[in-house]
1. For segment 59-86, give me the residue count where each residue is over 15 Å from Val6 (Cβ atoms), hydroxyl-bearing (Ser, Thr, Tyr) and within 13 Å of the chain's Cα centre (by Cα).
2. Could you tell me how many of the residues in segment 30-46 are buried (at least 16 other Cβ atoms within 10 Å of the Cβ) and either under 25 Å from Gly89 (Cβ atoms) or in contact with a Gly (Cβ under 8 Å, 6 or more places away or on another chain) (or both)?
3. Just to be sure I understand, how many residues within segment 69-90 are of a type in the set (A, V, I, L, M, F, W, C) and without any contact (Cβ under 8 Å) to a residue 24 or more places away in the chain?
4. For segment 61-86, how many residues meet the condition of being surrounded by 18 or more Cβ atoms within 10 Å (Cβ to Cβ), assigned to a strand (DSSP E or B) and of a type outside the set (Gly, Ala, Ser)?
5. What is the residue count in segment 32-86 for residues that are closer than 22 Å to Val20 by Cβ and of a type in the set (Asp, Glu)?
6. Any residue at all in segment 47-60 that is touching a helix residue (DSSP H, G or I) at 6+ places or on another chain (Cβ under 9 Å), part of a loop (DSSP other than H, G, I, E, B) and either surrounded by 14 or more Cβ atoms within 10 Å (Cβ to Cβ) or modelled with pLDDT under 90 (or both)?
7. Test of understanding: among Leu24, Leu3, which residue is within 16 Å of Gly80 (Cβ to Cβ) and of a type in the set (A, V, I, L, M)?
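The values are calculated or read from the model by the stated rules, or taken from the named source; none is laboratory data. On a predicted model such as this, the values are computed, not experimentally measured, just so you know. Virtual Cβ from ideal backbone geometry, glycine too; neighbours counted across all protein chains shown.
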Amino acid sequence: MFLATVRGTVVSTSKDERLVGFKLLLVQPLDVDGGPTGRPEIAVDTVGAGIGATVIVTKGSSARFAASRKESPIDSTVVGIVDSVELAGD
């Protein structure tokens, strides 16, 4: 899992039928200091996150299980909305 910021939504009128009904978000992974790192990616939203929210993203087979669709072509799923992050020494 990793932390990310929701940068936007993705609208796709033509997609794999196993993705129908899912809200898709563009998420930007965050480093330990809360800054952007790596490449943005598309994730299925299971928690109702909005643009600007800091979220928890899971990947791989865990992402499919979190979305309750084991046979779907899902690689990333938003599984939580972060209220705060506390680092040791802060």
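1. 1
2. Residues in segment 30-46 being buried (at least 16 other Cβ atoms within 10 Å of the Cβ) and either under 25 Å from Gly89 (Cβ atoms) or in contact with a Gly (Cβ under 8 Å, 6 or more places away or on another chain) (or both): 1 in total.
3. Total meeting the criteria: 1.
4. Number of matching residues: 3.
5. Of the residues in segment 32-86, 4 are closer than 22 Å to Val20 by Cβ and of a type in the set (Asp, Glu).
6. The answer is no, given that none of the residues of segment 47-60 is touching a helix residue (DSSP H, G or I) at 6+ places or on another chain (Cβ under 9 Å), part of a loop (DSSP other than H, G, I, E, B) and either surrounded by 14 or more Cβ atoms within 10 Å (Cβ to Cβ) or modelled with pLDDT under 90 (or both).
7. None of the others qualify; the one that does is Leu3.
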